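Enquirer: Just dropping this structure here.
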Amino acid sequence: AQRPVQVTSDLASFWQGAYFEVKKDLKGRYPKHYWPDNPLEAQPTNRTKPRM
C-alpha cells in the first residue's frame, strides 16, 4: 500500500529494539532480502543477499 512500516527520529534505539519486530514482519513478505541478525555490524550490500 506504499505506507511506511516504521517511522522514527531515534535511529540508534530503532536498531537496538524495533528493528527486530519490523524484521519479523517483513522477512515473511520479502524472503529474498538480507535481514542481518546484527545490523550495526553488517556489511552494506547492493544485492538482496550477500555473496558468501
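Enquirer: What are the residue pairs meeting all of these: first residue in the range 26-43, first residue open to solvent by less than 100 Å² (accessible area, probe 1.4 Å), second residue assigned to a loop (DSSP other than H, G, I, E, B) and of a type in the set (S, T, N, Q), Cβ atoms under 8 Å, and 6 or more apart or on different chains?
Expert: 33/48; 34/45; 34/48
Enquirer: Follow-up question, since we're still on this one. Is it fair to say residue 23 is basic (Lys, Arg) and open to solvent by less than 80 Å² (accessible area, probe 1.4 Å)? I'd like the intermediate steps shown before the answer.
Expert: Values: basic (Lys, Arg): yes; open to solvent by less than 80 Å² (accessible area, probe 1.4 Å): yes.
Judged against the criteria, residue 23 is a match.
The values are calculated or read from the model by the stated rules, or taken from the named source; none is laboratory data. Please read all numbers here as calculations on a predicted model, not as lab measurements. In this analysis, Cβ positions are derived from the backbone assuming ideal geometry, glycine residues included, and neighbour counts consider all displayed protein chains. Only protein heavy atoms, including side chains, enter the accessible area calculation; ligands, DNA and RNA are left aside. Shrake-Rupley method; radii C 1.70, N 1.55, O 1.52, S 1.80 Å.
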